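The values are calculated or read from the model by the stated rules, or taken from the named source; none is laboratory data. The structure presented is a predicted model; accordingly, all values stated were derived computationally and were not measured. Cβ: placed from backbone, ideal geometry, glycine included. Neighbour counts: every protein chain shown. SASA here: full protein model, heavy atoms, side chains in, ligands and nucleic acids out. Shrake-Rupley method; radii C 1.70, N 1.55, O 1.52, S 1.80 Å.
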Amino acid sequence: MQINEEEFVDDIKRFVSENVSLSKISDEELAERIDQIVTDRLKDIYCPIETKVSISQQVYSSIRGFGLLDSIISDDSITEVMINGPEKIFIEKKGRLIRLDKKFESQRKLEDVIQRIVGLAGREVNQANPICDTRLPSVRRAAQRPAGNGAGLLLCAAELCAAGAGGRSV
């Protein structure tokens, strides 16, 4: 029996959200709990260890991290990221613009991730403050809420290493 990784990740995320008290558990405890749930659910199914690790990371990332942005940020070959909505994600790799076949679960999930990013710097993006440009350790992130286009929050990121800044911008 082979698993559909995307569906399995969604199932585990739902289970964790409904059955784990996320506000009362540390990041380490959550990661361990997710690993245990994944292992338990896959005990009778052959699944390569890399897939198990990927599933656990995706679930954790969607709950406490930046969702699919975590994998994008960790890829050093990606020099720019443009997100124009939950299904319109583009990256620049080796000078070429590529549309990813990945998507956020919803506009709300994308907005949550963006608010989490700017919130780490004590800021927020809203109608009164439609643009935020902030720096986190080795990464600069910017989010913008364009007036009246109905697209919701957008995220744009660019590599700064070439300019001598020594960090990545998202």
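Quick look at the values:
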| item | result |
| --- | --- |
| Subset of region 110-124 (residues that are open to solvent by less than 100 Å² (accessible area, probe 1.4 Å), within 15 Å of Leu69 (Cβ to Cβ) and of a type in the set (A, V, I, L, M, F, W, C)) | Leu110, Val113, Ile114, Ile117, Val118 |
| The listed residue being in contact (Cβ under 8 Å) with a residue 12 or more places away in the chain and either among the polar types (S, T, N, Q) or under 18 Å from Leu155 (Cα atoms) (or both), out of Ile72, Ile45, Ile37, Ile63 | Ile72 |
| Number of positions in region 1-48 that are within 19 Å of Ser106 (Cβ to Cβ), open to solvent by 90 Å² or more (accessible area, probe 1.4 Å) and among the basic types (Lys, Arg) | 1 |
| Condition check for Ser169: modelled with pLDDT of 85 or more and open to solvent by less than 30 Å² (accessible area, probe 1.4 Å) | no |
| Region 92-111 residues that are closer than 24 Å to Val125 by Cβ, paired with ones that are among the polar types (S, T, N, Q) (beta carbon under 9 Å, 6 or more apart) | Glu92/Thr79; Lys102/Ser71; Glu105/Ser62; Lys109/Ser62 |
| Thr51 open to solvent by 30 Å² or more (accessible area, probe 1.4 Å) and touching a residue at least 24 places away in the same chain (Cβ under 8 Å) | yes |
| Flag for Gln58 being in a helix (DSSP H, G or I) and under 24 Å from Gln115 (Cα atoms) | yes |
| Total residues in region 80-130, condition outside any loop (DSSP other than H, G, I, E, B) and either among the polar types (S, T, N, Q) or within 19 Å of Ile63 (Cα to Cα) (or both) | 13 |
| Given (1) assigned to a helix (DSSP H, G or I); (2) among the hydrophobic types (A, V, I, L, M, F, W, C); (3) within 19 Å of the chain's Cα centre (by Cα), index of the condition Phe66 fails | (1) |
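Here's the yes/no breakdown for (1) at pLDDT below 85; (2) open to solvent by less than 80 Å² (accessible area, probe 1.4 Å):
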position	(1), (2)
Ile78	yes, yes
Val81	yes, yes
Pro86	no, yes
Lys94	no, no
Arg99	no, no
Arg108	no, no
Ala142	yes, yes
Leu155	yes, yes
Ala158	yes, yes
